[in-house]
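Worksheet: the structure to be examined is printed underneath.
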Amino acid sequence: MLRLAAGLAALAMLLPGAMPAQAQTTGGTFSLPINDDPQIWPVAGGLYNILVNKVVYSGLVRYDLETLEPVGDLAESWEVSEDGLTYTFTLRDNVLWHDGEPFNADDVVFTINEIWTNEEVPYYLANNFRLIEEATRVNDFTVEVSLSQPQPSLPVLMGYNAAVLPEHLLSELTPEQLVNPTEFLQNPVGTGPFKFVEYSPGAYVQLARNEDYFDGVPHLDAMTFRIVPDANAQLALLQSGEVDLVVIEPFQLEAIENNPNVQIQSVPVNRHEFVAINNGVEALSDVNVRKALTMGLDRETLLQAVFAGRGTVATGPFTPAVGWAYDTSIEPLPYDPEAAAALLDEAGWVLGGDGIRAKDGVPLSFTLLYDPSNPTRARTALVAQQQWGALGIQIGFETSEYRAIVERIRQSPPDYELNPNYLIAPPDPDGIANYYLSDSLANSWAYNNPEVDALLNEGATTGDQAARAEIYKQVQAIMHEDQPNVFTVYPDEIQALSAAVERFPEAGYRDALGWAHLISKSQ
């Protein structure tokens, strides 16, 4: 066996360097907004769900806050066999579910076999675990996971919104019931640092400190997730002291950067912004049209005007945050309206006297779906409409709440044409596969390139990191030609925190909440 992960002693040594060196107080409530009613059920995606689930549930693995390397969460350590086909997880033996029942290997086996890899349960991250054949209980605190092929990224992917669920409360449910386990969700039970107390739809979710949390009693008494869709309203709540953390849009920075009651953290994250393209729409299935959309949008101006210059222009879904796999030789397609127009001409979309392009009497017209409560997406939509309109592409708007947008882009086939959006991916390029493999539930753009499928699967199963990097660079080159989406910006994450917050990890807030027991506030 090859040992991959150190245990808790090594983990404890890593943390002080990742956190501000200052005294901690105990007590208080940490409050933050989410943009829609959450489902406290980690099988469902969507940021409003993920944030709450991060503190109610635990995974086998979470990420070190400095390196983003996988470290133990419910797993104390793990080993992989010489042939790479068997992972053996040693579990913590001091974990209780929130209802007082002990956690053990049955919970992990149930979660992997009956949820993550069960084709009848539409788990949105299922493709991350497509190579798992079976999880097997060895004893109360040891689980073996067998793979059809080696997958060196498996521990990393297990740290990405892959929560372990209670077998004793869910094992009698059918796959259909596991899609939305109504009774369980009235009182969700996890092993995380905070326990469910109350949910008031449209208003808040209240959580209380888990006194039995396996990694130390949380410093805070409670956490509250306030349901506030509008980004400006979220900022107003921060300024009035009613919430403690808001991830702000770049143009909001000026309004609060001199506020003594607010502290700012700007942290790099594995995130990219883009205008999603439904590749299944006939006109958008033409690569010349997709390239024209990219070359007809001034992304450098977008970076400066909408993202306040905080970030870099994107070249694809792989980001510089995973440096070993990111191809620095690929340059963003230039903003070149003349070249974009030539591509549309080549595709047969001819400019008419009314300023609109058409082919066979059909105008080149798309609907751009966006969430108006997010000013970054709204501004991106306006810039795109203006610049694409100048090329003779007619852009109409449709607005909707974020939850409805998520549901529509995840339908099969997707129910949209264009949509400004963003994605935070796991810190391994194999995590991108979940969003671009042609058969993945999370491929919301209906992108289908068999060569990319083959390379993504080859990259997932190749053991040598240098060889993997070369494979993923081939993927980036192909996607650069395909332009399955209009990739716009790799932005930093700007966190605005109440000055009362003493210790909030310097990491993207999704990963930071995996360590919520370490957060404290002055009283």
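The values are calculated or read from the model by the stated rules, or taken from the named source; none is laboratory data. These figures come from a predicted structure and were not determined experimentally. Cβ placement follows ideal geometry from the backbone for every residue including glycine, while neighbour counts extend to all protein chains displayed. Ligands, DNA and RNA are excluded from the accessible area calculation, which covers all protein heavy atoms including side chains. Shrake-Rupley method; radii C 1.70, N 1.55, O 1.52, S 1.80 Å.
Against the criterion of being among the β-branched types (Val, Ile, Thr) and open to solvent by 40 Å² or more (accessible area, probe 1.4 Å), THR462 does not qualify. Only one of the numbered conditions (1) open to solvent by 50 Å² or more (accessible area, probe 1.4 Å); (2) free of Cβ contacts under 8 Å to residues at least 60 places away in the same chain; (3) not aliphatic (A, V, I, L, M) is not met by ASN288, and that is (1).
Note on segment 244-285: residues that are acidic (Asp, Glu) and open to solvent by 30 Å² or more (accessible area, probe 1.4 Å) amount to 3. Checking ASP453, ASP492 one by one, the residue that is surrounded by fewer than 19 Cβ atoms within 10 Å (Cβ to Cβ) and of a type outside the set (Gly, Ala, Ser) is ASP453 and no other.
Against the numbered list (1) open to solvent by less than 10 Å² (accessible area, probe 1.4 Å); (2) part of a loop (DSSP other than H, G, I, E, B), ASN443 comes up short only at (1). Residues that are more than 18 Å from ASN485 (Cβ to Cβ), modelled with pLDDT of 90 or more and under 21 Å from the mean Cα position of the chain (by Cα) were ranked within segment 370-400; the one that is most open to solvent (accessible area, probe 1.4 Å) is PRO372. Only residues that are of a type in the set (D, E, K, R) and buried (at least 19 other Cβ atoms within 10 Å of the Cβ) were counted across segment 169-217, and they come to 3.
The test for being more than 30 Å from ILE471 (Cβ to Cβ), in contact (Cβ under 8 Å) with a residue 40 or more places away in the chain and not β-branched (Val, Ile, Thr) does not hold for PHE318.
The requirement of being surrounded by 20 or more Cβ atoms within 10 Å (Cβ to Cβ), in contact with a Ser or Thr (Cβ under 8 Å, 6 or more places away or on another chain), within 26 Å of ASN457 (Cα to Cα) and touching a residue at least 60 places away in the same chain (Cβ under 8 Å) is not satisfied by TYR472. Within this structure, ALA283 passes the test of being modelled with pLDDT of 95 or more and either aliphatic (A, V, I, L, M) or on the phi > 0 side of the Ramachandran plot (or both). Of the residues making up segment 429-439, those that are open to solvent by less than 10 Å² (accessible area, probe 1.4 Å), polar (S, T, N, Q) and assigned to a loop (DSSP other than H, G, I, E, B) number 0. Within segment 197-209, is there a residue that is among the acidic types (Asp, Glu) and more than 30 Å from PRO413 (Cα to Cα)? Yes, segment 197-209 contains a residue that is among the acidic types (Asp, Glu) and more than 30 Å from PRO413 (Cα to Cα). Set side by side, the residues ALA135, ALA162 differ, and just one is closer than 24 Å to ASP83 by Cβ, in contact with a Leu (Cβ under 8 Å, 6 or more places away or on another chain), open to solvent by less than 10 Å² (accessible area, probe 1.4 Å) and small (Gly, Ala, Ser), which is ALA162. Within the option set PRO426, PRO413, being open to solvent by 30 Å² or more (accessible area, probe 1.4 Å), part of a loop (DSSP other than H, G, I, E, B) and in contact (Cβ under 8 Å) with a residue 12 or more places away in the chain holds for one residue only, PRO413. Once segment 102-155 is narrowed to residues that are charged (D, E, K, R) and outside any loop (DSSP other than H, G, I, E, B), the residue that is nearest to the chain's Cα centre (by Cα) is GLU114. Would a scan of segment 373-380 turn up a residue that is farther than 26 Å from ASP492 by Cβ and not polar (S, T, N, Q)? Taking every residue of segment 373-380 in turn, none turns out to be farther than 26 Å from ASP492 by Cβ and not polar (S, T, N, Q). Residues in segment 25-63 that are outside any loop (DSSP other than H, G, I, E, B) and over 23 Å from ASP107 (Cβ atoms) were compared, and the one that is most open to solvent (accessible area, probe 1.4 Å) is THR29. On the stretch given as segment 252-310, residues that are of a type in the set (A, V, I, L, M, F, W, C) and closer than 27 Å to TYR160 by Cα total 8.
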